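These notes are about the structure you will find just below.
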Amino acid sequence: MRAARDEGNGTGMGNESKSRRRPVAVDLFCGAGGMSLGFERAGFDIDLGVDRDGYHVATHERNFPYGKSLCRSVSDLAAADVYSALGGETEVDVIFGGPPCQGFSNMGHRDVLDPRNTLVNEFVRVVSEVRPKAFCMENVPGMLAGATRPVLDDALKKFERAGYRITHPLRVLDASHFGVPQKRKRLIVVGIRKDIAGEFAYPAKAPDGYAECPTVWEAIADLPNVDERDELYAQNNTQYDSEPQNDYAKLLRSTSVGKCDYSRERVWDSTRCTGCLRVNHSPKAIALYSATQPGDMVPGHKLPRLDPNGIAPTLRAGSDSSHGSYTAPRPIHPHRPRCITVREAARLHGFPDWFTMYPLKWHGYRQIGNSVCPPVAHALGLAIMRAIGLRPSKPQGKIELADEFHLPPERPRTLKRIPQVLHYPPVIDWLFQRRTASESTFDFTDVQKAIAETGVSLTWVRPDTFLQEIARSRNVVKLLEPCMSRGFTIRRIDDGTAIGEFVRIGHAEGIEVKSPPKLPLASGLRKKGVARGQRTLF
């Protein structure tokens, strides 16, 4: 961990007088630090970032080395921990953050029972214990409606009981209205402590100094052409080969500075561009991407090919190993038959080029997809600064950014990935053995019994996705081997009492129909066994 901002800490940053202390900010569920960057630009010092993901913490610490980045679950965080990390009884001016949103997201299942929903209550608890002058909570618009709305209403009541004045009506902000070339909507909840006289007003646009919302091509045109550099299959950075040609690119290359930017100046090698690792696409994928017109969806891949003259759709994060290890959907470049690089995704999100994601593609895309767009957070930070009666100031000194990332040794380890062909077949076999001549259906209770009886390690199993997970697996035939070797397959049903039924192979609704085996079932399965398939993950 780095020393606090008022101490000489070897980062190249000069000492600052206590009398010139900048407002103190704490970022909960900080991720890589998109919201941190926006609030720093608004004049706050990011003195503490908290996240349970060690890769996020390593990235946050690299980009905000003057504060502390703590690897811990917010569920285990108390007010005393916050003050200890801040070096004493320092008053906190603002706490902000975005509790994980998968349980509320329209992209997901909108599950009121999703355990991640409880993290909203943990955010409320920490705010209530620390009692900052203001808080800002970000989440997906899906939180406003449906079965998950009570979670939000309960949180609002708790905030009000804790002494906060919530700004109503709640607003959903679109990043494209704040100079970001991406259609990304987020619910923003802001509360001001009731003993503070100021009133918060939602911003409607980016702060002065930002360019108007650029197109996709305007945002990324000056970035290196990675397709001409084979070393980028293994190397993460390369030299720029052109100068920025528009205000947006100049701002993100740091060749110009926004009028309302009160962030600390970073020292970095501005001749090299990070986040440039290439993906080794198959010839079939390249041909498919080439045949897809810009602005259209790639057939069968659910990936958009970006329109160079438009803006990007919402960049998504995928999921970690405890929830399937699904790679973030990566849009296709508007002019080249490949997915965009991490740096190109960062440009479409509003991150400056000095801000470096963890140097592995999977983590980089995930960190961007999980982040609040910095220009949106910048506008919110300035509005909160005014509401609590403070004026932003530009700090002295510069911060030298390190090239390396240090994973915290105390980080919680994520769950191991689950080999499909190891854990699904015993469940299918258990279900098949218990069918009867008159009853071939099974419900989710039967699935739960099968998991318990067979002792397999299936986590996050849901009644509405159990069979879908099998159907979309490239190993669907291997997963169904216990029943298919006996002449049966499964069809999905939803009649309120059952989720699946064993039917004869050849049934038009068999879940393997969309993924037919490439080899005859008997010879293919018996020759290869299941060993190779164990690397295919749930």
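The values are calculated or read from the model by the stated rules, or taken from the named source; none is laboratory data. Values in this document were obtained by computation on a predicted structure and should not be read as measured data. Quick reminder, even Gly has a Cβ in these numbers, built from the backbone with ideal geometry, and neighbours come from all protein chains shown.
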Check your understanding: Can you name the residue in the stretch 157-203 that is basic (K, R) and under 24 Å from the mean Cα position of the chain (by Cα) and is also farthest from I311 (Cα to Cα) among such residues?
Key -> R171
Check your understanding: Name the residues in the stretch 204-222 that are touching a Lys or Arg at 6+ places or on another chain (Cβ under 6 Å) and not small (G, A, S), would you?
Key -> D208, I220
Practice item. Might you let me know whether the stretch 140-149 holds any residue that is of a type outside the set (G, A, S) and either closer than 22 Å to G49 by Cβ or not assigned by TED's automatic domain parsing to the domain that holds H378 (or both)? Key: yes
Exercise for review: Considering each residue of the stretch 480-500, count those that are touching an Asp or Glu at 6+ places or on another chain (Cβ under 9 Å) and either without any contact (Cβ under 8 Å) to a residue 24 or more places away in the chain or of a type outside the set (S, T, N, Q) (or both), and give that number.
Suggested key: 14
Point to revise | Residue list for the stretch 156-204, restricted to those being among the hydrophobic types (A, V, I, L, M, F, W, C) and in a loop (DSSP other than H, G, I, E, B) | key: A162, L170, V180, I196, A197, F200, A201, A204
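Given the condition hydrophobic (A, V, I, L, M, F, W, C), in contact with a Cys (Cβ under 6 Å, 6 or more places away or on another chain) and either at pLDDT 95 or above or in a helix (DSSP H, G or I) (or both), answer yes or no: does some residue in the stretch 228-240 qualify? Step through it out loud before you land on a result.
Step one: of the stretch 228-240, the residues hydrophobic (A, V, I, L, M, F, W, C) are 232, 234.
The next check asks that each one be in contact with a Cys (Cβ under 6 Å, 6 or more places away or on another chain); those that pass are 232.
In the following step, the residues that additionally are either at pLDDT 95 or above or in a helix (DSSP H, G or I) (or both) were identified as 232.
Checked against the condition, which is being hydrophobic (A, V, I, L, M, F, W, C), in contact with a Cys (Cβ under 6 Å, 6 or more places away or on another chain) and either at pLDDT 95 or above or in a helix (DSSP H, G or I) (or both), the stretch 228-240 yields at least one hit.
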